[in-house]
1. Under the condition of being in contact with a Ser or Thr (Cβ under 9 Å, 6 or more places away or on another chain) and β-branched (Val, Ile, Thr), which residue from segment 196-248 is surrounded by the most Cβ atoms within 10 Å (Cβ to Cβ)?
2. Is there a residue being touching a helix residue (DSSP H, G or I) at 6+ places or on another chain (Cβ under 7 Å) and on the phi > 0 side of the Ramachandran plot anywhere in segment 159-176?
3. Could you check segment 11-34 and list, in sequence order, the residues that are touching a helix residue (DSSP H, G or I) at 6+ places or on another chain (Cβ under 7 Å) and within 16 Å of residue 262 (Cβ to Cβ)?
4. Go over the candidates 192, 216 one by one and state the one that is among the acidic types (Asp, Glu), closer than 20 Å to residue 22 by Cβ and without any contact (Cβ under 8 Å) to a residue 24 or more places away in the chain.
5. Of all the residues that make up segment 39-74, how many are of a type in the set (D, E, K, R), under 18 Å from residue 87 (Cα atoms) and assigned to a helix (DSSP H, G or I)?
6. Any chance you could count how many residues in segment 10-38 are part of a helix (DSSP H, G or I) and either surrounded by fewer than 17 Cβ atoms within 10 Å (Cβ to Cβ) or within 13 Å of the chain's Cα centre (by Cα) (or both)?
7. Does segment 46-61 contain at least one residue that is charged (D, E, K, R), buried (at least 16 other Cβ atoms within 10 Å of the Cβ), touching a residue at least 60 places away in the same chain (Cβ under 8 Å) and in contact with a strand residue (DSSP E or B) (Cβ under 7 Å, 6 or more places away or on another chain)?
8. Test each condition in (1) modelled with pLDDT under 95; (2) not in a helix (DSSP H, G or I) for residue 6 and report the one that comes out false.
Amino acid sequence: MTDSTVQEDFLRAFHAVRPAVTAEAFGRGRGPDGRSSYELLRDRVAGHRRVLDLGCGDGLLLELLARDGGRQLAGVDLSPQSLALARRRPALSAARLHTGRAQELPFAEGSFDACVSHLALMLMGDIEQVAAEVARVLVPGGVLACVLGGGAVGGEAYERFVGLLRRAGERTTARIPALGDRRMRDREGFEEILRPVGFEDVEWETVPIDIGGTPEQVWDSVSGLYDLAPMEERAVARLRRDFFADVADLVTPEGLVPCGFEVRLASARIA
């Protein structure tokens, strides 16, 4: 069994249980200008009419794109359960939604003006093949735009959660498979992947996103991380208890907990 097969089997199983987890965790997040990471990505492809979403999940980004009428939209995702939720969105009744792999896109050459991916491209194996497929289905001058995960904002709840999770992981041998390609974590690595298939220089921006809220809301968001999947229920319960205790000093008089993380907003055009 290849590494990519192991990765994809894990992701299918995880999203079968939590098919809308990414939208639930990050859909309410906001950047400094009030836009969510989904809205930031939508605006990166403004004016493009034929748009493909890689790892479209439950269809939140596609629905935002559909608000600009007249678009031809398509989405691909490994999870049939996530796509079932996407198909329930009235705005996506005309979208082409396919269960499948980004390494084997079911579209003809030059089918799209733009390709987007929200917190999904960084999880994919065989990334050179993904890049080649994206280049194949884009027209000359077409754009790839994606949101990639970054780090925690110092001193806030997400950073504390990551520390607690790391310590919890030291008490168990259960591990999730390594996901994605490490080169996707920085601009130089991203360009190394994209240049051989014809993309120009990568535009790279780091944006802080606030997913703060009540302690319960913040826990619901951060507990959607893949790392919790192999943990036993009692270990997750202990982690939750420790998290609430650890962020108690952060709670504002309004009962809210600050929780920030950074995303990388990256885009590049086919020459």
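The values are calculated or read from the model by the stated rules, or taken from the named source; none is laboratory data. Remember, it's a predicted structure, so these values are computed and weren't measured experimentally. Note that each Cβ is placed from the backbone with ideal geometry, even for glycine, and that neighbours are counted across all protein chains shown.
1. The qualifying residue surrounded by the most Cβ atoms within 10 Å (Cβ to Cβ) is 211.
2. The answer is no; no qualifying residue exists.
3. The answer is 25, 26, 29, 31.
4. 216
5. At the first step, the residues of segment 39-74 found to be of a type in the set (D, E, K, R) are 39, 42-44, 49-50, 53, 58, 63, 67-68, 71.
From the residues that got through so far, the ones that are under 18 Å from residue 87 (Cα atoms) too are 53, 58, 63, 67, 71.
This time we only want the ones that are assigned to a helix (DSSP H, G or I), so: 63.
Residues in segment 39-74 being of a type in the set (D, E, K, R), under 18 Å from residue 87 (Cα atoms) and assigned to a helix (DSSP H, G or I): 1 in total.
6. Start the filter on segment 10-38 by keeping residues that are part of a helix (DSSP H, G or I), which leaves 10-17, 21-26, 37-38.
After this cut, where a residue has to be either surrounded by fewer than 17 Cβ atoms within 10 Å (Cβ to Cβ) or within 13 Å of the chain's Cα centre (by Cα) (or both) as well, the list is 11-13, 15-17, 21-26, 37-38.
Qualifying residue count for the region: 14.
7. Taking segment 46-61 first, the residues charged (D, E, K, R) are 49-50, 53, 58.
Adding the requirement that they be buried (at least 16 other Cβ atoms within 10 Å of the Cβ) leaves 50, 53, 58.
After this cut, where a residue has to be touching a residue at least 60 places away in the same chain (Cβ under 8 Å) as well, the list is 50, 53.
After this cut, where a residue has to be in contact with a strand residue (DSSP E or B) (Cβ under 7 Å, 6 or more places away or on another chain) as well, the list is 50, 53.
Scanning segment 46-61, I find at least one residue that is charged (D, E, K, R), buried (at least 16 other Cβ atoms within 10 Å of the Cβ), touching a residue at least 60 places away in the same chain (Cβ under 8 Å) and in contact with a strand residue (DSSP E or B) (Cβ under 7 Å, 6 or more places away or on another chain), so the answer is yes.
8. (2)
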